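All remarks here apply to the structure that follows.
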């Protein structure tokens, strides 16, 4: 069985740090609770080796898995009856980097000084998002901070998993493009010019396609630095233009109209919006405030504009489903599910159900796209490499046949 490292509080409030063999982290938590301890952390012992690499890249004090872990631990301690300042003091002992300790210490000191947790988080200069702070504030107002933090941790984990699924789906095609592109560049810049010199010395008549490939190879060898410079300038120009609101809006709208990419982007963004808005409403955040916060999690500016317009319509008394449907960019199924939630008075629950549905659809769409994209990329690049090889070898075979 795998070995887990754990941290827990005993009955006297002392921090215990040890190791335990178990089938999973849930078993570690259950054993610690049977022993009368309060589990704070349980993770694989092998994960400890990642600390030097994380330190090398200097990650943010609270982002990704770190933020999820901090939120879960704080929710656990508050749910066990620990006072907020005591819970923060316990969490202060867990991080290994000084920056994270400094942030937690500053939050604890602000809480001890009488500030609510939401205000203490807000003063951390953007370390915690607006969504995070507003959900904590809603939990404080509703008197259920530990439940709110648990829901927030679940939301962060699901959002992180969805983002990771998208990134993982794109890694293999990107590596394939890079490797085969490098091989094609090596052939054109190194191998093909050698054949060009050989054919020139033999003074033989070459087919038109061979002459074209040889010319491309000589150009790549002589002007490779210019090609790299053009690519770098094009990327820099595109990145600069992408930061312009008008250009970004046109680009995002164009992407949504594409038959292959558009539906996938719409599903992905719908899942994000529904998960965020549903979680906010579940924690007592008003709908208009939730829409203002939720639009910040969207990456497509055309959909952001639709949400802003929908918020204005909702302010004027329209339903959320009809307001979002005016832009005709969100999937029809999502709008129907939201309408059902409005009619049944369970909008928050239906939004979370909508998020589950579209996260599953996004995963299936990504799997299908990857299953189709990888063979297509492999075939196209293989054909290009094959054309280069055949073009430089055909005259050699003709020459050999003529000699024989």
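The values are calculated or read from the model by the stated rules, or taken from the named source; none is laboratory data. Model, not experiment: these values are computed from the prediction. Neighbour counts are summed over all protein chains in view; Cβ atoms, including those assigned to glycine, are modelled from backbone coordinates with ideal geometry.
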* Asked: If we scan segment 143-151, do we find a residue that is at pLDDT below 80, in contact with a helix residue (DSSP H, G or I) (Cβ under 8 Å, 6 or more places away or on another chain) and under 14 Å from residue 282 (Cα atoms)?
  -> no
* Structure fact -> Given the conditions (1) surrounded by fewer than 18 Cβ atoms within 10 Å (Cβ to Cβ); (2) touching a residue at least 40 places away in the same chain (Cβ under 8 Å), every one holds for residue 332 apart from (2)
* **Only listed residue being assigned by TED's automatic domain parsing to the domain that holds residue 262, surrounded by 17 or more Cβ atoms within 10 Å (Cβ to Cβ) and more than 24 Å from the chain's Cα centre (by Cα), chosen from 310, 346** => 310
* Can you tell me which residues in segment 92-105 are surrounded by 17 or more Cβ atoms within 10 Å (Cβ to Cβ) and either under 20 Å from residue 7 (Cα atoms) or in contact with a helix residue (DSSP H, G or I) (Cβ under 8 Å, 6 or more places away or on another chain) (or both)? -> 94, 95, 100, 104
* To do: Kindly provide the set of residues from segment 346-358 that are over 13 Å from residue 333 (Cα atoms) and either touching a helix residue (DSSP H, G or I) at 6+ places or on another chain (Cβ under 8 Å) or touching a residue at least 40 places away in the same chain (Cβ under 8 Å) (or both), ordered by number.
  => 347, 348, 349, 352
* To do: Quick one: in segment 175-202, of everything that is free of Cβ contacts under 8 Å to residues at least 60 places away in the same chain and within 38 Å of the chain's Cα centre (by Cα), which residue is farthest from residue 228 (Cα to Cα)?
  => 175
* Consider residue 31 against the criteria (1) surrounded by 15 or more Cβ atoms within 10 Å (Cβ to Cβ); (2) at pLDDT 70 or above; (3) under 21 Å from residue 68 (Cα atoms): it satisfies all of them except one. Which criterion is unmet? -> (3)
* Asked: In this structure, is residue 204 outside the structural domain of residue 298 (by TED's automatic domain parsing), on the phi < 0 side of the Ramachandran plot and surrounded by 11 or more Cβ atoms within 10 Å (Cβ to Cβ)?
  -> no
